[in-house]
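Below is one structure; the comments refer to it alone.
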């Protein structure tokens with residue numbers, strides 16, 4: 001089984017090497033960073049001439065796809081564990097991982113004045129559904145659970161939790177009003193120039209483990225100069241300006 | 001199998017059974033009308049019924065989320081009636097499944113009804129059988145294989161539903177976490193053992209259902225010939 005997986009991986013890599021154009025990078029990006037990456041890619045393409053092919057989803061899902069031989073060249077994750085694990089397991093280039101952003105969790109509702117500045121609404125009976133991303137695969141979902149636990153509401157809220165497969169689906173549940181509120185990323189509600197409507201509580205850092213978001217060069221991209229250029233560009237002042245504008249902290 | 005997995009099995013069976021029952025009730029008049037009508041609206045109605053076969057589940061999930069949501073017309077109606085909101089509820093899954101599995105029930109029924117010759121019904125009418133009598137003592141027995149196929153396909157297809165449930169279900173254990181979603185969750189979390197247990201069960205289930213269907217539907221030809 002292992003050998004089968006490995007040879008499937010090799011086949012994918014070979015395919016990618018023959019099929020990919022030099023100036024293109026296959027990027028897997030955590031859903032919370034999809035929109036910032038879109039903005040960053042404009043500057044990146046202008047500066048380097050390279051283009052990005054982006055797939056957005058949950059970090060955990062990308063992990064299973066990558067170990068299954070997916071031809072992604074760069075992973076822009078929502079945690080620092082997954083890139084480390086990929087390096088240990090030989091799917092990513094050692095030493096290429098770095099923290100490009102520190103994620104901020106918010107409790108958001110599409111309704112104005114619904115979420116108060118202390119998040120007291122969490123303990124109230126004023127809502128039927130609270131959306132979170134699947135905690136097993138999405139770091140922001142896990143962080144949301146930690147906040148609920150810290151508030152001692154795990155049991156009270158369990159029947160009200162609706163789980164999205166990624167933070168993007170959690171966001172979509174709240175934005176359509178089907179969930180009254182939900183834990184999402186600050187970057188999703190504080191989009192520069194296009195802030196989401198409603199009300200939110202910026203969850204204090206002490207209520208959840210720091211969300212260090214790392215990027216890493218994956219094995220299929222090891223020889224692609226454009227993939228390396230993207231990682232370098234993520235550390236540039238131009239990219240960091242965009243990252244900060246979306247409300248992230250800078251990790252370096 | 002964990003208790004949560006069993007609850008997914010139970011929930012899926014309940015959803016499929018209720019959906020099939022409702023579809024037989026709703027689908028019989030629709031199938032009958034489609035089989036007998038000469039209305040110029042027939043192509044339109046037939047297309048509407050068949051649409052879920054063609055549309056990606058993501059399209060249905062997306063529009064259901066908007067329609068059933070608090071801003072959507074259906075959502076406002078259900079709230080005004082005091083029924084609450086349908087997404088993330090078992091009732092919501094039933095509504096979605098009825099729409100989604102509709103062609104799998106209506107089409108076999110329609111075909112079975114179409115196969116009943118007009119003169120058989122006329123003969124019954126000359127024997128003073130009223131419309132209801134004709135339906136229950138002539139149409140139903142003749143269309144029995146059609147009802148069987150419709151029930152099996154409706155049930156099986158609802159069990160196999162995934163995309164729509166994923167989009168409007170919210171993955172709540174015991175409420176909306178059906179088998180397909182539970183398997184997806186296990187695979188996503190790399191719990192392959194747990195995924196195998198459920199997935200292999202689904203493969204066996206599908207095989208048994210289809211073999212049973214083909215074995216049961218074989219005599220249909222003979223029965224139909226005997227009827228003529």
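Descriptive notes on the structure:
- Qualifying residues in the stretch A:145-175 (those that are assigned to a loop (DSSP other than H, G, I, E, B) and crowded, with 20+ Cβ neighbours inside 10 Å) - the one nearest to the other protein chains (Cβ to nearest Cβ): A:165
- For the stretch A:176-186, the candidate set comprises residues that are crowded, with 24+ Cβ neighbours inside 10 Å and more than 10 Å from chain B (Cβ to nearest Cβ); within that set, the residue that is nearest to the chain's Cα centre (by Cα) is A:185.
- Residues of the stretch A:102-110 include at least one that is within 14 Å of chain B (Cβ to nearest Cβ) and either over 19 Å from residue A:170 (Cβ atoms) or touching a residue at least 60 places away in the same chain (Cβ under 8 Å) (or both).
- Scanning the stretch A:55-71 for residues that are within 10 Å of the chain's Cα centre (by Cα) and either more than 8 Å from chain B (Cβ to nearest Cβ) or under 14 Å from residue A:220 (Cα atoms) (or both) yields a total of 3.
- Residue A:118, sole failed condition from (1) away from every other protein chain (no Cβ under 13 Å); (2) in a helix (DSSP H, G or I): (2)
- The criterion of at least 1 residues that are within 14 Å of chain A (Cβ to nearest Cβ) and without any contact (Cβ under 8 Å) to a residue 12 or more places away in the chain is met, among helices (runs of 4 or more DSSP H) falling completely within the stretch B:44-126, by B:57-68, B:73-80, B:90-114.
- Residues (assigned to a helix (DSSP H, G or I) and surrounded by 12 or more Cβ atoms within 10 Å (Cβ to Cβ)) located in the stretch B:32-43: B:32, B:33, B:34, B:35, B:36, B:42
- All conditions but one from (1) within 27 Å of residue B:49 (Cα to Cα); (2) part of a helix (DSSP H, G or I); (3) within 13 Å of chain A (Cβ to nearest Cβ) apply to residue B:177; the one that does not is (2).
- Residue in the stretch B:141-163 that is within 30 Å of residue B:198 (Cβ to Cβ) and either modelled with pLDDT under 90 or within 14 Å of chain A (Cβ to nearest Cβ) (or both) present: yes
- Among residues of the stretch A:217-244, those that are outside any helix (DSSP H, G or I) and within 20 Å of residue A:63 (Cα to Cα), counted: 3
- Considering the stretch A:124-144, and only residues there that are more than 17 Å from residue A:61 (Cβ to Cβ) and surrounded by fewer than 18 Cβ atoms within 10 Å (Cβ to Cβ), the residue that is farthest from the other protein chains (Cβ to nearest Cβ) turns out to be A:124.
- Residues of the stretch A:120-144 that turn out to be within 21 Å of residue A:32 (Cβ to Cβ) and touching a helix residue (DSSP H, G or I) at 6+ places or on another chain (Cβ under 8 Å), as a count: 14
- Failed criterion for residue A:197 (all others in (1) crowded, with 21+ Cβ neighbours inside 10 Å; (2) assigned to a loop (DSSP other than H, G, I, E, B) hold): (1)
- Here residue B:150 fits the description: crowded, with 19+ Cβ neighbours inside 10 Å and within 18 Å of the chain's Cα centre (by Cα).
The values are calculated or read from the model by the stated rules, or taken from the named source; none is laboratory data. Since the model is a prediction, treat every value here as computed from it, not as a measurement. Note that each Cβ is placed from the backbone with ideal geometry, even for glycine, and that neighbours are counted across all protein chains shown.
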